Amino acid sequence: MRYLVAIDGSDASDAAVTHACTLAERTEGTVSLVHAVEPEVYDDGGSTHDTDRLVQSVDDAEERGERLLSEAADAVESRGVTVEATHLLYGDPTAEIPAFAAEEGYDGIVVGHRGLSDRYERVLGSVAKGLIGRTDVPVTVVRDD
């Protein structure tokens, strides 16, 4: 079995990685890790109006994504599970991740869910819910309670 784990650096994402490792151990499977960068939500580097952002540019987002993927890969390997690959995708994660999983023939997608309030999710959206609605690949949602 080949599992694709969507990561974002949250505790829920870490829980998804742990759960995917358990699944892979039980099925003699592999884990691949994916992080999506949405270029349109970052500054182009010329703006100084929003200094409170954690990520100021696409370059910063890519760097953060690569760091998250590396850290998650280390966590998977420390469990003795094979990391098939890491992938940095570009665009809306609720569109890019399901399309990628289907194209690459993954057996399942594992994603964390933070359990945010309905009000908060209406504003920011839920990647977990978005993935479920856009793929035929089975999705396992791991809650971080």
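The values are calculated or read from the model by the stated rules, or taken from the named source; none is laboratory data. As the structure is a prediction and not an experimental result, all values here were calculated from the model. Note: accessible area is taken over every heavy atom of the protein model, side chains too, but ligands, DNA and RNA are not part of it. Shrake-Rupley method; radii C 1.70, N 1.55, O 1.52, S 1.80 Å.
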### Query
Averaged per residue, what accessible surface does the stretch 60-112 expose to a 1.4 Å probe, in Å²?
47
### Rounded to whole Hz, the Karplus (6.51, -1.76, 1.60) HN-Hα couplings of the stretch 127-137, x for glycine and proline
4, 4, 5, x, 5, 4, x, 10, 9, 9, 6
